[in-house]
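Participant: Below you'll find the structure I mean.
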Amino acid sequence: MNRRLKALAMASLTLMLAACLTTKAEPTATVRGEAMYRERLAVPPGAQLEVLLLDVSRADAPSQTIGGVTLSDIGQPPTSTTGSDRDEHGCIRSAGYTWCAKEGKCVRPWELAQEKGFPSTEEAFRAYCSAAL
């Protein structure tokens with residue numbers, strides 16, 4: 001009788017493990033974002049936006065689709081005038097300008113890095129521009 005109980009316990013354990021392996025996992029993250037349309041043309045009627053989240057982590061394998069969404073009736077992009085995205089210092093972000101306190105003006109970080117000889121990284125730019133005069 002002891003053998004029967006062991007066999008039954010092993011069969012139950014095997015079924016429980018199989019159920020755990022085949023159960024679909026719940027989503028653990030949410031991805032949010034914006035889609036930009038930079039052309040100054042109207043979106044054609046019936047246009048759709050398809051967004052896919054792909055796993056491209058393995059260089060030796062084709063990408064795998066993790067999830068996606070297709071949006072219909074996406075409407076037209078908002079109209080904006082050039083320079084309408086100025087920050088509190090008057091820097092036009094869409095043109096690549098950012099305020100640099102040390103220089104006292106709006107600069108393009110990569111151009112300033114080249115001119116002043118520091119690495120073209122966000123950290124180096126912040127360190128340079130926030131340095132005491």
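Participant: Could you give the length gained on full extension between Phe118 and Arg93, defined as 0.36 nm per residue of separation minus the Cα-Cα distance, in nm?
Facilitator: 6.9 nm
Participant: Sticking with this one: In whole Hz, what ³J(HN,Hα) sequence does the stretch 89-94 give by Karplus (6.51, -1.76, 1.60; θ = phi - 60°), x for Gly and Pro?
Facilitator: Ordered by residue, 3J(HN,Hα) equals 9, x, 6, 8, 5, 5 Hz.
Participant: Right, another one. So how do 47-53, 59-65 stack up, highest first, on mean other-Cβ count within 10 Å?
Facilitator: 47-53, 59-65
Computed from the coordinates by the stated procedures, all read-outs in this text should not be read as laboratory data. As the structure is a prediction and not an experimental result, all values here were calculated from the model. Neighbour counts run over all protein chains shown; Cβ positions are idealised from the backbone, glycine included.
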